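Asks: Before I ask anything, let me first share the structure, which is written out below as structure tokens.
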Amino acid sequence: MLTPDRPPHPIHGSTLFGAAAAPVDANSHLLEGSYHPHRHDFWEMVVIAAGTGLHASAAGHQPLAAGDALLLRPGSWHAYLACRGLHVWNCCFGADLVRRQLAWTASDAGLGGLLGEESTDPTGVLSLRLSPESLRECLGELATLERLPSAPAADLVARLLLLLSRLSMARGDGEGGKAEQPAGRHPAVVKGVAVLAADLAHPWTLAELARRLDLDRSYLVRLFRRDTGLPPMAYLARERAQRAAELVLATGRQLAAIGTEVGWDDPNYFARRFRRHLGMSASDYRARFSGEVARTDGTHGASAGRRRP
């Protein structure tokens, strides 16, 4: 297990997926505390088996719990924050494997949606929610992959495809409502998201947003839940927290001023909301992570031997 708050060692796909290595690498970790941001040049699938924490990436900050799954494209940075007994399973596979042996997946309706060029948003991170049955099956396949690193390459790739198929099903079915694919959003949700993002500091209410979009409030809530996984005001709170976290790390501004900019102009309320979404106070967050999230130049990865979050 990695040591929290210590920069990880560099790691690249050539280390894991060289000529004599298996094409797929699966392993698990029990994480406590926080881990510095890192990036690598291979694909990474993440499945959460137990515990809680926060996943930080260019897509923002996402609370993690059992059943959450992530797929990160090569080059995407991420970090784990405020972990409490977070049991993470990783399945890593090289970009060359996708470009060559799995090139056929580009024409597959399900797998192409995961591995194709347009498979994720510009952040390179796809977030999904697995059903209890899918979670059990994914964990079983991951455990098998970890036990069989020397199995024939064809067997390992076949098990990888089973895992990817499970993610594809979750993405298509919207299990748990966490998949956020802009292309599939209702036009009113697209407009609503843009309206909120354009003025986070505005004292929005559900009634005002519904009037702006010319929709019934209950219908708007259903649309937002379906397309973002959250009702409008909870979505707004998450966006405010993520923007506040970015400003806390990227600027030296007073925390009260940052709270005002994102729409939480009462310092005490801002403090409570920040802690609720990020798992720690804004001042602790700045002290611990300031300058680290900007380190996305590919010069470091996450590795402790072959174990990494």
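Please treat every number below as a calculation from the coordinates, not as lab data. For clarity, every value in this text was computed on a predicted model and none was experimentally measured. Cβ atoms come from the backbone with ideal geometry, glycine included; neighbour counts cover every protein chain shown.
Asks: With a cut-off of 12 Å, note down the residues of region 85-106 whose backbone N falls inside the zone around a label point 7 Å from the Cα of residue 161 toward its beta carbon.
Replies: Label zone hits: 101-106.
Asks: Let me ask something else about it. Please compute the modelled spin-label separation between residue 253 and residue 41, points set 7 Å along Cα→Cβ, answer in nm with one decimal.
Replies: 3.7
Asks: When you have a sec, figure out the Kirkwood radius of region 46-116 from all distinct Cα pair distances and drop it here in Å to one decimal? Please list the in-between numbers first.
Replies: Details: mean 1/r = 0.0739 Å⁻¹.
This gives a value of 13.5 Å.
Asks: If you don't mind, another one. Calculated FRET efficiency, residue 101 and residue 191, Cβ-Cβ r, R0 41 Å, to nearest 0.05?
Replies: Working: r = 42 Å, r/R0 = 1.02.
For residue 101 and residue 191, the calculated efficiency is 0.50.
Asks: Continuing with this model, one more query. Under the rule a/c < 1.5 gives rounded, and otherwise a/b versus b/c splits prolate from oblate, where does region 234-289 land using the Cα gyration tensor? Working shown, then result.
Replies: Working: a/c = 1.40, a/b = 1.22, b/c = 1.15.
Rounded is the answer for region 234-289, as its axis ratio a/c remains below 1.5.
Asks: I want the local charge near residue 210. Using Cβ-Cβ distances under 9 Å, sum +1 for each Lys or Arg and -1 for each Asp or Glu among the other residues.
Replies: 0
Asks: Along the Cα-to-Cβ line of residue 52, 7 Å from the Cα, sits a label point; which residues in region 78-92 have backbone N less than 11 Å from it?
Replies: Correct set: 83-85.
Asks: Okay, next question. What net charge do the residues around residue 161 carry, taking every other residue with its C-beta under 14 Å from that of residue 161, with Lys and Arg at +1 and Asp and Glu at -1? Don't jump to the answer; show the numbers that get you there.
Replies: Numbers: positive: 159, 166; negative: 108, 137, 141, 155.
The answer is -2.
Asks: Then there's this: Report the Cα centroid-to-centroid distance between region 43-99 and region 216-230 in angstrom, as an integer.
Replies: The two parts, judged by their Cα centres, are 26 Å apart.
Asks: Within the set of other residues whose C-beta is less than 13 Å from the C-beta of residue 200, count the net charge using Lys and Arg as +1 and Asp and Glu as -1.
Replies: Numbers: positive: 238, 240, 243, 273; negative: 199, 239, 246, 261, 265.
Summing Lys/Arg as +1 and Asp/Glu as -1 gives -1.
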